[in-house]
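The values are calculated or read from the model by the stated rules, or taken from the named source; none is laboratory data. Because the structure is a prediction, the values reported are computed rather than measured. Methodologically, a virtual Cβ is constructed for each residue, glycine included, from the backbone with ideal geometry; neighbour enumeration extends over all protein chains shown.
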Amino acid sequence: MRTRVLMVAFLTLPAPRAALSQVSIELGPVFYLAQRLVAQPRVEAPEGSQASALTESGTWLGAEGRIRYGSFSLSGGVVQGDLRNRQLNSQVDTDLRVSRASLLFHPTTWLAFGGDADVWRSIRADLGYAAERLVRRIGAGIEISGTLGVPGLRSVLNGAFYPGGSAKQGFADLTMPDKIDPAELNYRASVMMEYTSPRLPLYVRVGYRAERFATQLVVDDNNINDQIFGLTVSAGMAIGR
(Lines give C-alpha, C1' and ligand atoms only; values in the text may rest on other atoms or scores of the structure.)
Protein backbone atom coordinates (compact mmCIF):
# COMPACT_ATOMS: atom_id res chain seq x y z
CA MET A 1 0.00 0.00 0.00
CA ARG A 2 2.78 2.40 0.92
CA THR A 3 4.56 1.62 -2.34
CA ARG A 4 1.42 2.42 -4.34
CA VAL A 5 0.98 5.75 -2.54
CA LEU A 6 4.59 6.72 -3.26
CA MET A 7 4.20 5.83 -6.93
CA VAL A 8 1.03 7.91 -7.24
CA ALA A 9 2.73 10.86 -5.53
CA PHE A 10 5.73 10.59 -7.84
CA LEU A 11 3.58 10.46 -10.96
CA THR A 12 1.66 13.57 -9.90
CA LEU A 13 4.88 15.63 -9.63
CA PRO A 14 5.58 17.85 -12.67
CA ALA A 15 8.15 16.42 -15.00
CA PRO A 16 11.57 18.12 -14.71
CA ARG A 17 11.49 19.09 -18.37
CA ALA A 18 8.03 20.63 -18.03
CA ALA A 19 9.13 22.56 -14.95
CA LEU A 20 12.26 23.84 -16.65
CA SER A 21 10.21 24.99 -19.63
CA GLN A 22 8.57 27.56 -17.33
CA VAL A 23 11.93 29.06 -16.29
CA SER A 24 13.55 31.99 -18.09
CA ILE A 25 16.76 33.76 -17.14
CA GLU A 26 18.20 37.13 -18.17
CA LEU A 27 21.65 38.32 -17.13
CA GLY A 28 23.99 41.00 -18.46
CA PRO A 29 25.92 44.23 -17.90
CA VAL A 30 24.33 47.68 -17.85
CA PHE A 31 25.74 51.14 -18.68
CA TYR A 32 24.14 54.26 -17.24
CA LEU A 33 24.97 57.80 -18.42
CA ALA A 34 23.46 59.75 -15.54
CA GLN A 35 22.81 63.30 -14.45
CA ARG A 36 21.90 64.34 -10.93
CA LEU A 37 20.10 67.47 -9.80
CA VAL A 38 20.19 68.08 -6.05
CA ALA A 39 17.87 70.83 -4.83
CA GLN A 40 17.70 72.26 -1.31
CA PRO A 41 14.62 74.54 -1.41
CA ARG A 42 15.15 75.98 2.05
CA VAL A 43 18.59 77.38 1.24
CA GLU A 44 18.20 81.12 0.68
CA ALA A 45 20.04 82.42 -2.38
CA PRO A 46 19.95 85.60 -4.50
CA GLU A 47 17.67 85.55 -7.50
CA GLY A 48 19.34 83.87 -10.47
CA SER A 49 21.92 82.17 -8.26
CA GLN A 50 22.56 78.43 -8.47
CA ALA A 51 23.55 78.13 -4.82
CA SER A 52 20.42 76.15 -3.93
CA ALA A 53 20.88 73.55 -6.67
CA LEU A 54 23.74 71.33 -7.73
CA THR A 55 23.99 69.56 -11.08
CA GLU A 56 26.37 66.63 -11.50
CA SER A 57 26.98 64.05 -14.20
CA GLY A 58 28.83 60.79 -14.54
CA THR A 59 28.86 57.25 -15.84
CA TRP A 60 27.82 54.12 -13.95
CA LEU A 61 28.48 50.47 -14.73
CA GLY A 62 26.89 47.39 -13.25
CA ALA A 63 24.92 44.24 -13.88
CA GLU A 64 21.27 43.24 -13.87
CA GLY A 65 19.34 40.01 -14.07
CA ARG A 66 15.95 38.40 -13.86
CA ILE A 67 14.72 34.88 -13.25
CA ARG A 68 11.12 34.02 -14.02
CA TYR A 69 9.14 30.92 -13.14
CA GLY A 70 5.59 30.71 -14.39
CA SER A 71 3.76 33.91 -13.49
CA PHE A 72 6.38 35.26 -11.07
CA SER A 73 9.73 36.95 -11.63
CA LEU A 74 12.56 38.06 -9.36
CA SER A 75 14.78 40.87 -10.65
CA GLY A 76 17.87 42.49 -9.25
CA GLY A 77 20.76 44.71 -10.19
CA VAL A 78 23.67 46.81 -8.98
CA VAL A 79 25.22 49.88 -10.63
CA GLN A 80 28.15 51.92 -9.38
CA GLY A 81 29.91 55.05 -10.56
CA ASP A 82 30.79 58.64 -9.81
CA LEU A 83 29.17 62.05 -10.23
CA ARG A 84 30.93 65.40 -10.65
CA ASN A 85 30.04 69.01 -11.40
CA ARG A 86 31.73 69.31 -14.81
CA GLN A 87 30.87 72.98 -15.37
CA LEU A 88 32.79 74.11 -12.27
CA ASN A 89 35.65 71.68 -12.93
CA SER A 90 35.12 70.45 -9.40
CA GLN A 91 37.56 67.93 -7.97
CA VAL A 92 34.89 66.74 -5.55
CA ASP A 93 33.47 63.37 -6.59
CA THR A 94 30.39 61.62 -5.35
CA ASP A 95 30.75 57.85 -5.47
CA LEU A 96 27.38 56.16 -5.78
CA ARG A 97 26.22 52.56 -5.58
CA VAL A 98 22.61 51.58 -6.20
CA SER A 99 21.23 48.11 -5.44
CA ARG A 100 17.70 47.19 -6.51
CA ALA A 101 15.39 44.17 -6.26
CA SER A 102 11.78 43.49 -7.28
CA LEU A 103 9.32 40.62 -7.11
CA LEU A 104 6.58 40.82 -9.75
CA PHE A 105 3.43 38.89 -10.62
CA HIS A 106 2.66 38.53 -14.35
CA PRO A 107 -1.10 37.96 -14.82
CA THR A 108 -0.80 38.53 -18.58
CA THR A 109 1.97 38.75 -21.17
CA TRP A 110 1.96 42.56 -21.14
CA LEU A 111 1.39 43.46 -17.47
CA ALA A 112 3.27 42.79 -14.22
CA PHE A 113 3.10 44.32 -10.74
CA GLY A 114 4.48 43.66 -7.28
CA GLY A 115 7.00 44.88 -4.72
CA ASP A 116 10.12 46.95 -5.33
CA ALA A 117 13.02 48.02 -3.10
CA ASP A 118 16.35 49.78 -3.56
CA VAL A 119 19.32 51.05 -1.56
CA TRP A 120 21.34 54.17 -2.45
CA ARG A 121 24.77 54.64 -0.88
CA SER A 122 26.83 57.74 -1.71
CA ILE A 123 30.20 58.90 -0.42
CA ARG A 124 31.27 62.47 -1.13
CA ALA A 125 34.88 63.52 -0.50
CA ASP A 126 35.18 67.24 0.28
CA LEU A 127 37.94 69.17 2.11
CA GLY A 128 39.47 66.04 3.52
CA TYR A 129 36.18 64.67 4.86
CA ALA A 130 34.15 61.78 3.48
CA ALA A 131 30.42 62.40 3.88
CA GLU A 132 28.26 59.31 3.59
CA ARG A 133 24.57 59.11 2.78
CA LEU A 134 22.43 55.98 2.86
CA VAL A 135 18.85 55.81 1.56
CA ARG A 136 16.64 52.71 1.65
CA ARG A 137 13.29 52.74 -0.16
CA ILE A 138 10.47 50.21 -0.39
CA GLY A 139 7.32 50.41 -2.46
CA ALA A 140 5.24 49.00 -5.30
CA GLY A 141 6.28 48.51 -8.93
CA ILE A 142 4.57 47.99 -12.27
CA GLU A 143 5.74 46.93 -15.74
CA ILE A 144 3.89 47.25 -19.05
CA SER A 145 5.28 45.87 -22.32
CA GLY A 146 4.12 45.40 -25.88
CA THR A 147 5.34 44.23 -29.27
CA LEU A 148 6.10 46.73 -32.02
CA GLY A 149 5.33 44.67 -35.12
CA VAL A 150 8.93 43.58 -35.71
CA PRO A 151 10.01 40.10 -34.59
CA GLY A 152 11.98 40.36 -31.36
CA LEU A 153 11.32 44.09 -30.85
CA ARG A 154 9.17 45.41 -28.02
CA SER A 155 8.73 48.43 -25.76
CA VAL A 156 8.88 48.23 -21.97
CA LEU A 157 7.55 50.80 -19.50
CA ASN A 158 8.22 50.25 -15.82
CA GLY A 159 8.11 52.29 -12.69
CA ALA A 160 7.83 52.22 -8.93
CA PHE A 161 6.39 54.39 -6.18
CA TYR A 162 8.13 54.44 -2.79
CA PRO A 163 5.97 55.61 0.12
CA GLY A 164 8.29 54.19 2.77
CA GLY A 165 11.92 53.81 3.65
CA SER A 166 14.71 55.19 5.81
CA ALA A 167 17.78 57.37 5.41
CA LYS A 168 20.79 58.67 7.27
CA GLN A 169 23.80 60.84 6.51
CA GLY A 170 26.95 62.02 8.23
CA PHE A 171 30.75 61.87 8.30
CA ALA A 172 33.42 60.48 10.61
CA ASP A 173 31.71 59.61 13.90
CA LEU A 174 28.80 62.01 13.42
CA THR A 175 25.57 60.56 12.00
CA MET A 176 22.48 62.70 11.47
CA PRO A 177 19.10 60.92 11.44
CA ASP A 178 17.26 61.30 8.17
CA LYS A 179 13.98 60.01 6.77
CA ILE A 180 12.03 59.71 3.55
CA ASP A 181 9.96 62.88 3.18
CA PRO A 182 6.30 61.75 3.20
CA ALA A 183 5.16 65.02 1.64
CA GLU A 184 7.23 64.51 -1.52
CA LEU A 185 6.84 62.05 -4.40
CA ASN A 186 9.53 59.35 -4.45
CA TYR A 187 9.47 57.37 -7.68
CA ARG A 188 11.38 55.60 -10.45
CA ALA A 189 10.24 55.47 -14.09
CA SER A 190 11.84 54.22 -17.29
CA VAL A 191 10.95 53.63 -20.93
CA MET A 192 12.98 51.14 -22.97
CA MET A 193 13.22 49.57 -26.39
CA GLU A 194 14.27 45.93 -26.28
CA TYR A 195 15.41 43.62 -29.06
CA THR A 196 15.78 39.86 -28.54
CA SER A 197 17.49 37.87 -31.27
CA PRO A 198 15.22 35.18 -32.74
CA ARG A 199 18.22 32.90 -33.36
CA LEU A 200 20.59 33.64 -30.48
CA PRO A 201 19.85 33.88 -26.72
CA LEU A 202 20.81 37.57 -26.64
CA TYR A 203 18.99 40.81 -25.87
CA VAL A 204 19.79 44.54 -26.15
CA ARG A 205 17.97 47.33 -24.33
CA VAL A 206 18.21 51.09 -24.79
CA GLY A 207 16.16 53.40 -22.62
CA TYR A 208 15.73 56.50 -20.51
CA ARG A 209 15.38 56.41 -16.73
CA ALA A 210 14.28 59.07 -14.27
CA GLU A 211 13.92 58.84 -10.52
CA ARG A 212 13.45 61.12 -7.59
CA PHE A 213 13.79 60.77 -3.86
CA ALA A 214 13.36 63.35 -1.13
CA THR A 215 14.79 63.03 2.37
CA GLN A 216 14.21 65.16 5.42
CA LEU A 217 16.52 65.78 8.36
CA VAL A 218 14.83 64.85 11.62
CA VAL A 219 16.64 67.56 13.62
CA ASP A 220 15.51 70.61 11.61
CA ASP A 221 13.08 69.29 8.92
CA ASN A 222 15.38 70.58 6.15
CA ASN A 223 14.72 68.52 3.04
CA ILE A 224 16.95 67.50 0.12
CA ASN A 225 15.44 66.56 -3.23
CA ASP A 226 17.48 64.34 -5.55
CA GLN A 227 16.59 63.84 -9.21
CA ILE A 228 18.62 61.39 -11.27
CA PHE A 229 17.96 60.83 -14.96
CA GLY A 230 19.80 59.65 -18.03
CA LEU A 231 20.39 57.10 -20.78
CA THR A 232 20.72 53.39 -20.04
CA VAL A 233 22.12 50.68 -22.30
CA SER A 234 22.23 47.00 -21.39
CA ALA A 235 22.80 43.70 -23.15
CA GLY A 236 23.09 40.08 -22.12
CA MET A 237 21.83 36.53 -22.35
CA ALA A 238 18.15 35.59 -22.42
CA ILE A 239 17.60 31.88 -21.86
CA GLY A 240 14.19 30.23 -22.06
CA ARG A 241 12.20 33.26 -23.19
Handout entry: Conditions (1) modelled with pLDDT under 70; (2) among the aliphatic types (A, V, I, L, M); (3) surrounded by fewer than 16 Cβ atoms within 10 Å (Cβ to Cβ); (4) closer than 22 Å to residue 115 by Cα; number of the one not met by residue 172
Key = (4)
Handout entry: Number of the condition not met by residue 165 [criteria: (1) within 20 Å of the chain's Cα centre (by Cα); (2) modelled with pLDDT of 85 or more; (3) surrounded by 15 or more Cβ atoms within 10 Å (Cβ to Cβ)]
Key = (2)
Problem - Pick from the range 185-201, criterion surrounded by fewer than 17 Cβ atoms within 10 Å (Cβ to Cβ) and either of a type outside the set (A, V, I, L, M, F, W, C) or modelled with pLDDT under 95 (or both), ranking: farthest from the chain's Cα centre (by Cα) - result: 199
Handout entry: Looking only at the range 213-234, and only at residues there that are over 24 Å from residue 63 (Cβ atoms) and under 17 Å from the mean Cα position of the chain (by Cα), the one that is modelled with the highest pLDDT
Key = 227
